[in-house]
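Working notes, beginning with the structure itself.
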Amino acid sequence: MADLRDLGLSEYESRAYRSLLDVGPATAKELSDASGVPMGRVYDVLNSLERHRLARSQAASRPKKYLAVEPDAALDRLLEEKRRELDEQAEQYAAVVDELSAELEAGEPPAEQFWTAALGPEETADLLLERLSAADERVVMIAAAPASGLDIGDVGEAVAEELEAALERGVEVSLLLSEELPAQLPESVGDRYFDRMADHPNFEVRTASGLRGTFTLVDDAEVCMEVPSPVDPEESFAMIDLKDPEFAGDVRRTFRERWSEASPLGL
């Protein structure tokens, strides 16, 4: 059940505010008796409620009396304080990320083979997005079917954001699609991918016939390959991320051959 403590008040502050609502204007002694807040703490609690703008005092009376602010106003003020605190925390975390981004650097790509895999659509999408975000120089994506790694109907917005971010970092992005694929994609795909990035000098899309499979080549050294489901070839089963300079070189040469024969896609 929701409680005022969820909005940042202490147990004593919560009890004091609720008691002020019940008893109306009250002295510190009356509030202590009604709320159970010890007299040794009640003045600190009332001062805190005033700082939070949840209570007002009548200084002219002797002894001083206190009155609770109406609940709607009080809750709005507590919510405003929480939002301000969260904004400050978000700025602090962003500053930490900026500092760590400059401090932490990935090492050179491994000279020997290393691979990992992700199973299931969510894990596959997460792995693809992670590797796109790590690109420094070049991203090459080849897609032969809409249900494969370039499944932009499902994860298109996230992938589009990563590709746009890559372009902003100065990364070259090349998409090679099967000739049949553009007609199979929803109209929104054109808005998400092509319209946003078509004019960027580092972005290019071409189509070719006879493409098989789907993969992403990152920085000419890392290959993300889709593995179709053995039960339903139209569905993705897993993704293998392979860091192997020799294999990546073979993929790069094959891509260049197909790219030189492909036709620019009119955007």
Less than 11 Å Cβ to Cβ from Arg53, Lys/Arg counted +1 and Asp/Glu -1: what total charge do the surrounding residues give? -1
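Would you order Glu103, Glu222, Glu179 from fewest to most other beta-carbon atoms within 10 Å of each residue's own beta-carbon?
On the way: Glu103 7, Glu222 23, Glu179 15.
Arranged by neighbour count, lowest to highest, Glu103, Glu222, Glu179 become Glu103, Glu179, Glu222.
Order the peptides 256-264, 128-136 from the highest to the lowest mean number of other Cβ atoms within 10 Å of their residues.
Numbers: 256-264: 12.3, 128-136: 17.4.
Ranked by mean Cβ neighbours within 10 Å, highest first: 128-136, 256-264.
Does segment 203-256 come out rounded, prolate or oblate by the C-alpha gyration tensor, with a ≥ b ≥ c the root eigenvalues, rounded set by a/c under 1.5 and, if not, prolate when a/b is larger than b/c and oblate if not?
Note, shape of segment 203-256 comes out oblate.
Plugging the Kirkwood radius over Cα pairs into Stokes-Einstein for segment 1-78, at a temperature of 20 °C and a viscosity of 1.002 mPa s, what D comes out in µm²/s?
Details: Rh = 12.2 Å.
The calculation lands on 175 µm²/s.
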How charged is the neighbourhood of Asp219? Take every other residue with its Cβ under 9 Å from the Cβ of Asp219, and add Lys/Arg as +1 and Asp/Glu as -1. -3
Leaving out same-chain residues fewer than 8 places away, which lysines sit with a Cα under 21 Å from that of Lys29? Lys64, Lys65
Around Asp44 (Cβ within 12 Å, Cβ-to-Cβ, excluding Asp44; K/R +1, D/E -1) the net charge comes to 0
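None of the figures in this text is laboratory data; all of them are computed from the coordinates on show. All values reported here derive from a predicted model rather than from experimental measurement. Note that we place each Cβ from the backbone using ideal geometry, even for glycine, and neighbour counts take in every protein chain shown.
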